[in-house]
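Chemist: Attaching a single structure in structure tokens format; questions to follow.
The values are calculated or read from the model by the stated rules, or taken from the named source; none is laboratory data. Note that the structure is predicted; figures quoted are calculated from it, not measured. Methodologically, a virtual Cβ is constructed for each residue, glycine included, from the backbone with ideal geometry; neighbour enumeration extends over all protein chains shown.
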Amino acid sequence: MKNTLLLLLLILLLGFQNTNAQSNSIQNKIQTNVKGIEQKVIDWRRDIHQHPELGNREVRTAALVATHLQSLGMEVQTNVGITGVIGTLKGSLPGPVIALRADMDALPVLERTPVPFASKVKTMYDGKETNVMHACGHDSHVAILMGVAEILSGMQKDLKGTVKFIFQPAEEGVPKGEEGGAELMVKEGALKNPQVDVIFGLHINAQVEVGKITYRPGGMFAGVADLKITVKGKSSHGAEPWSSVDPIVTAAQIINNLQTIISRNINITRNAAVVTIGSIHGGNRSNIIPEQVEMLGTVRTLSDADEKLIFERIFQIATKTAEANGAEAIVELPYSSHYPVTFNNLELTAKMLPSLQKSAGLSNVLLVPAETGAEDFSFFANEVPGFYFYIGGLPKGQDSETSAPHHTPDFFIDESGFSTGINAMVNLVADYMEMGKL
Ligand SMILES: [Zn+2]
Ligand SMILES: [Zn+2]
């Protein structure tokens, strides 16, 4: 309670400071510029939408971005984290370094929308020919950030600091055997030279009404780790189970016991968490008790502390349950992938909330629950304070329950939502520069 009061006070204080951050003339200039660039952003988006590229293959998109940033007179780095592009805009006045991030990749989905710029692209994916579609809206993110870059470079003499425009490949994952995404860009120094102070990112959302912004302080998207448990026992004839150490019975007990982690160990009033076993394999016929069973699963958490606790409990439960049965459990966790929690820095969120309210209108900025999906923006926000939010892409008056979800063939974005995103990004930069570092 005490902490909640303190946080509220902080939000009020920082909000008051922020409300006064910009002069009216800069604010007016921003609004005129957003209106002026909107059609260009829509045209870029349609071009990118018609030419979608899968993760680590965003060659055409990256070239389009690099050419645009160069035309604005920016210093541009290409091939960062395979196809990533970074533009650096130095303001005339000294100040903080602010990074803005857009992801560029599309998905192996066959587009079914009736729009005239629907994708007809096919490519090779995982050894097979597949259709490609911007079915998560990353085409919108690229176009919006290109527009923001144009507006901010036009305000270069007013800028108190530096802006780094980060165009990132492979947010949706990388082809087998490759590295990529935000993690690789961080590894290759995307947040260094100059060292980034804070980072902002947005995602368009087909289930949020156009004109609205949604956000959550703290854990917004889950941290993800996959796991593998191998239960080793002793094989026998199925008719003589007393001669075996049965890995199937042991695996069944482990799965049931894992259910107590969320129900009995996690404080669910603070954050949600998930432990799922999604695959189990053992044995090959009815009358043989096999030697081993393999299970795969996923862990989703919204705080690092919960993740640590869940990892510990999975190790304990799997190994001790196996031991009690005379078997052995080998736990690999994380097994092949590990994304941190996408954590919105509390102080930065409080400080910048008024900028979003100014951009979309007070009643259009809404606090929402966290999601158990993941977003690799988390790799950036793990290094420097970050703030990530949603902008609406659902046509006004449409039902979010019946609109096509992200990653599906009918996924649709209403382009009139772009101006909210452009406005928000420009205001975040202008206000943060005015207020100075955290
Ligand atoms: Zn996606
Ligand atoms: Zn996405």
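Chemist: Please give the number of the condition Met435 fails out of (1) closer than 25 Å to Asp158 by Cα; (2) at pLDDT 95 or above.
Modeler: (2)
Chemist: Hey, another quick one. Within segment 189-207, count every residue that is within 16 Å of ligand 1 (Cβ to nearest atom) and buried (at least 22 other Cβ atoms within 10 Å of the Cβ).
Modeler: 6
Chemist: Name, by its number, the condition in (1) over 16 Å from Phe418 (Cα atoms); (2) modelled with pLDDT of 95 or more; (3) within 13 Å of ligand 2 (Cβ to nearest atom); (4) assigned to a loop (DSSP other than H, G, I, E, B) that does not hold for Ala182.
Modeler: Ala182 satisfies all of (1) over 16 Å from Phe418 (Cα atoms); (2) modelled with pLDDT of 95 or more; (3) within 13 Å of ligand 2 (Cβ to nearest atom); (4) assigned to a loop (DSSP other than H, G, I, E, B) except (4).
Chemist: Just to be sure I understand, how many residues within segment 120-139 are within 16 Å of ligand 2 (Cβ to nearest atom) and not in a helix (DSSP H, G or I)?
Modeler: Count: 6.
Chemist: What number of residues within segment 324-359 satisfy the criterion of being over 25 Å from the mean Cα position of the chain (by Cα) and over 16 Å from Asn256 (Cβ atoms)?
Modeler: 4
Chemist: Among (1) within 30 Å of Ala350 (Cα to Cα); (2) touching an Asp or Glu at 6+ places or on another chain (Cβ under 9 Å); (3) among the aliphatic types (A, V, I, L, M), which single condition is Val274 missing?
Modeler: (2)
Chemist: If you don't mind, there's one more thing I want to ask. Could you say whether any residue in segment 414-425 is among the small types (Gly, Ala, Ser), within 16 Å of ligand 1 (Cβ to nearest atom), farther than 30 Å from Lys120 by Cα and at pLDDT 95 or above?
Modeler: no
Chemist: Starting from segment 70-97, keep only residues that are closer than 23 Å to Gly181 by Cα, then list their pairs with residues that are at pLDDT below 95 and crowded, with 18+ Cβ neighbours inside 10 Å whose Cβ atoms are within a distance under 9 Å, requiring at least 6 positions of separation or different chains.
Modeler: What qualifies is Ile82/Val174.
Chemist: Shifting gears a bit: Among residues belonging to segment 89-117 that are in a strand (DSSP E or B), within 16 Å of ligand 1 (Cβ to nearest atom) and hydrophobic (A, V, I, L, M, F, W, C), point out the one that is surrounded by the fewest Cβ atoms within 10 Å (Cβ to Cβ).
Modeler: Applying the filter and picking the extreme gives Leu107.
Chemist: Moving to a separate point now. Restricting to segment 52-72, and then to whatever is over 26 Å from Lys437 (Cβ atoms) and in a loop (DSSP other than H, G, I, E, B), can you tell me which residue is nearest to the chain's Cα centre (by Cα)?
Modeler: Across segment 52-72, the extreme among qualifying residues is Gly55.
Chemist: A follow-up question, please. Looking at the structure I just gave you, is Ala239 assigned by TED's automatic domain parsing to the domain that holds Glu332, surrounded by fewer than 17 Cβ atoms within 10 Å (Cβ to Cβ) and either out of contact with any helix residue (DSSP H, G or I) (no Cβ under 6 Å at 6 or more places or on another chain) or not in a helix (DSSP H, G or I) (or both)?
Modeler: So Ala239 fits the description; yes.
Chemist: Which residue pairs have Cβ atoms under 8 Å apart, sit 6 or more places apart or on different chains, and have a first residue in segment 122-145 that is assigned by TED's automatic domain parsing to the domain that holds His49 and farther than 27 Å from Arg101 by Cα and a second that is among the basic types (Lys, Arg) and surrounded by fewer than 23 Cβ atoms within 10 Å (Cβ to Cβ)?
Modeler: Taking only residues 6 or more apart or on different chains, the pairs are Asp126/Lys176; Glu129/Lys122; Thr130/Lys122.
Chemist: Something else now. Looking at segment 132-163 only, could you name the residues that are within 16 Å of ligand 1 (Cβ to nearest atom) and among the polar types (S, T, N, Q)?
Modeler: Within segment 132-163, Ser140 is the sole residue that qualifies.
Chemist: Can you find, within segment 383-407, the residue that is surrounded by the fewest Cβ atoms within 10 Å (Cβ to Cβ) among those that are part of a loop (DSSP other than H, G, I, E, B) and of a type in the set (Gly, Ala, Ser)?
Modeler: Top of the filtered list is Gly397.
Chemist: Any idea how many residues of segment 140-177 are touching a Phe, Trp or Tyr at 6+ places or on another chain (Cβ under 8 Å), more than 19 Å from Ser71 (Cα to Cα) and assigned to a helix (DSSP H, G or I)?
Modeler: Of the residues in that region, 1 qualify.
Chemist: Within segment 140-155, track down each residue that is among the β-branched types (Val, Ile, Thr) and within 16 Å of ligand 2 (Cβ to nearest atom).
Modeler: Correct list: Val142, Ile144.
Chemist: Please determine whether any residue of segment 256-270 is over 29 Å from Ala370 (Cα atoms) and not basic (Lys, Arg).
Modeler: no
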